[in-house]
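The values are calculated or read from the model by the stated rules, or taken from the named source; none is laboratory data. What you see is a predicted model, and the numbers here were worked out from it, not measured in a lab. Neighbour counts run over all protein chains shown; Cβ positions are idealised from the backbone, glycine included. Please note that ligands, DNA and RNA were not included when accessible areas were found on the heavy atoms of the full protein model with its side chains. Shrake-Rupley method; radii C 1.70, N 1.55, O 1.52, S 1.80 Å.
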Amino acid sequence: QVQLVESGGGLVQAGGSLRLACACIVSEKRFVVNTIDWYRQAPGEEREEVAKMPTRGLSELADALKGRSAISINNAKDTVYLQINGLKPDDTAVYYCYANVWTPERGAVGYWGQGTQVTVSS
């Protein structure tokens, strides 16, 4: 089994900061977590990828977050942290964690977290 646990969302004033966390919990050590990424979906908009964190590789940030955000990983805990500074009202969205996990039985499969709301007030 694979479970994604998100935390860190909330209501913030413009210019403030948030740190989102996503823990990828797997039931067996033989499961391999390939990547833990962050997406967001604003009302009326499509879901978009904002940060990519391969467990072995280089991270990437979407242009919308570059220069004011950072993504990091604690490999021992399979937990990814997304720090966003200088928050803008346009950052208001539900932020979703996504993980790609390999298992011997199913191969590489994607999993989604339940989402965490980020609201930025002007």
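A few comments on the model shown:
- When the residues L11, L58, L87 are ordered by accessible surface, computed with a 1.4 Å probe over the protein chains alone, the sequence from largest down reads L58, L11, L87.
- Based on C-alpha pairs under 8 angstrom that are at least 6 apart in sequence, segment 1-57 has a relative contact order of 27 percent.
- Using a probe of 1.4 angstrom and keeping all protein chains present, the accessible surface of the chain works out to 54 square angstrom per residue.
- Whole-number percent relative contact order across the chain, with pairs defined as alpha carbons under 8 Å at least 6 apart: 35 percent
- Paramagnetic label zone (point 7 Å from Cα along Cα-to-C-beta, N85; backbone N under 17 Å) in segment 1-39: 13-20
- Ordering 42-48, 66-72, 32-38 by mean Cβ neighbour count within 10 Å, with the highest value first, yields 32-38, 66-72, 42-48.
- Fluctuation leader among N75, N100, N85 - the chain, Gaussian network, Cα springs under 10 angstrom: N75
- For A42, neighbours were defined as the other residues whose beta-carbon sits under 14 Å from its Cβ, and their charges (Lys and Arg +1, Asp and Glu -1) total -3.
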